[in-house]
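Here's the structure, in structure tokens; my notes come after.
The values are calculated or read from the model by the stated rules, or taken from the named source; none is laboratory data. None of the values given here were measured: they were computed from a predicted structure. Here the Cβ is made from the backbone with ideal geometry for all residues, glycine too, and neighbour counts use every protein chain on show. Please note that ligands, DNA and RNA were not included when accessible areas were found on the heavy atoms of the full protein model with its side chains. Shrake-Rupley method; radii C 1.70, N 1.55, O 1.52, S 1.80 Å.
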Amino acid sequence: MLPYLSPGLVIALVVVVLALIVVFKGLVIVQESEVIVIERLGAYHRTLQRGVNFIIPFFDKPRPIKMVRYQRSGQDLIALMSQETRIDLRESVMDFPSQPVVTTDNVTVRIDGAIYFQIIDPANAVYKIENMSQAVEVLAKTTLRSVVGQMELDKIFESRAEVNAKIKEQMEEPASKWGVAINRIEVQDIEMPEEVKEAMHLQMSAERRRRATVTEAEGDKAAAIAKAQGQKESAILNAQGDKEAAILRAQGESRSIELVLNAMGEGEKNTKDVIGYLLGQSYISMLPQMAKDGERVFVPYESSALLGAMGAFRDLNADDGVLSDVARRAAASGGITGAATAQG
């Protein structure tokens, strides 16, 4: 048989049981990076932070938050709706389906984007908006259409970072009212019609051909300039060489003439004889060149006289050895007269 229980003992046992139930129901442990919004009798009471918290059962209860999450199934994204009492304060990413957007140059493209957001005020995320995640998604889609719709297709590809920054800037103010911080927006993929892809491919090929033509023309130009510069420098060097050679030849001839005149002595007759002798030597040196183009050579009358004068000049000076000595000295000096005298 059960022992007799007094009314006081029964009441005490009931109180203990109720206390255990209250403690069990009212003890709430919140994990790191999570919070719980508590309502008391239907009104906002407080937000439970990390660690051990205590609430009054049957009077306090958590207020859930609605979240939309997408799950990829093949090429499609399926939306899953859920109600969560524990609100995650970590950064979340929402990969929403691609959206059709019309650019300013009337090209319809589909843009796939992702939103990185974070709940910073759980109470506002619960009470200021009916479905926070859905509101953020719709705001991102409309802002994306607004920003991209003001740009040309080529500009979108060239400045994705600018597009992301503009979308983020326009979403920050309305999202802050919901207790949400928009960290960044990423345009992941841009899908274009096939005819636009073909046109862009042709444009890219034409641009590459143009660049190749310009590069080749610049190379030809540089080569022509280098060749002309080389020819200019070569002509300058040749001219300088001819100038120096002419100077040297003139100096040699002048020296030869001086040697001949010094050897023959002063006097008008000796000077005329030397000049006739030199002219005769010049005629003799030119005769082989005159005979190259024909079998017959017509020698002017003056040249015959000069040649005769040369013979007389040679006979006249054959005995004293003066002419031979002059010839040797002129040949040693490198002049034309010296060479001609050696031949004579």
Checking the structure you have, find out if any residue of the stretch 118-136 is part of a helix (DSSP H, G or I), touching a residue at least 24 places away in the same chain (Cβ under 8 Å) and open to solvent by 70 Å² or more (accessible area, probe 1.4 Å). yes
Looking at Asp154, Asp88, which one is within 27 Å of His45 (Cβ to Cβ) and either of a type in the set (A, V, I, L, M) or open to solvent by 30 Å² or more (accessible area, probe 1.4 Å) (or both)? Asp88
Residues being assigned to a strand (DSSP E or B), over 17 Å from Val22 (Cα atoms) and not hydrophobic (A, V, I, L, M, F, W, C): count how many of those fall in the stretch 40-56. 5
Residues of the stretch 18-43 being modelled with pLDDT under 85 and loosely packed, with under 12 Cβ neighbours inside 10 Å, which ones? Leu18, Ala19, Leu20, Val23, Phe24
Is it the case that some residue within the stretch 159-180 is modelled with pLDDT of 85 or more, in a strand (DSSP E or B) and either open to solvent by less than 60 Å² (accessible area, probe 1.4 Å) or of a type in the set (Ser, Thr, Tyr) (or both)? yes
Show the residue pairs that are 6+ apart or on different chains and have beta-carbon atoms under 6 Å apart, the first residue being within the stretch 61-76 and within 20 Å of Glu91 (Cα to Cα), the second being β-branched (Val, Ile, Thr) and not in a loop (DSSP other than H, G, I, E, B). Ile65/Ile87; Ile65/Val126; Gln71/Ile78
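Within 28 Å of Ala114 (Cα to Cα), in contact (Cβ under 8 Å) with a residue 12 or more places away in the chain, open to solvent by less than 60 Å² (accessible area, probe 1.4 Å) and of a type in the set (A, V, I, L, M): is that true of Leu48 in this structure?
It is false that Leu48 is within 28 Å of Ala114 (Cα to Cα), in contact (Cβ under 8 Å) with a residue 12 or more places away in the chain, open to solvent by less than 60 Å² (accessible area, probe 1.4 Å) and of a type in the set (A, V, I, L, M).
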Scanning for something without any contact (Cβ under 8 Å) to a residue 12 or more places away in the chain, of a type in the set (S, T, N, Q), out of contact with any helix residue (DSSP H, G or I) (no Cβ under 7 Å at 6 or more places or on another chain) and under 28 Å from Ala161 (Cβ atoms), does the stretch 211-221 turn up at least one residue? no
Among the listed residues Leu202, Leu139, identify the single one that is touching a helix residue (DSSP H, G or I) at 6+ places or on another chain (Cβ under 6 Å) and either surrounded by 14 or more Cβ atoms within 10 Å (Cβ to Cβ) or assigned to a helix (DSSP H, G or I) (or both). Leu139
Taking the stretch 57-70 and keeping residues out of contact with any Lys or Arg (no Cβ under 9 Å at 6 or more places or on another chain), part of a strand (DSSP E or B) and not hydrophobic (A, V, I, L, M, F, W, C) leaves Lys66, Arg69, Tyr70
Residues of the stretch 54-83 that turn out to be closer than 19 Å to Ala123 by Cβ and surrounded by fewer than 13 Cβ atoms within 10 Å (Cβ to Cβ), as a count: 2
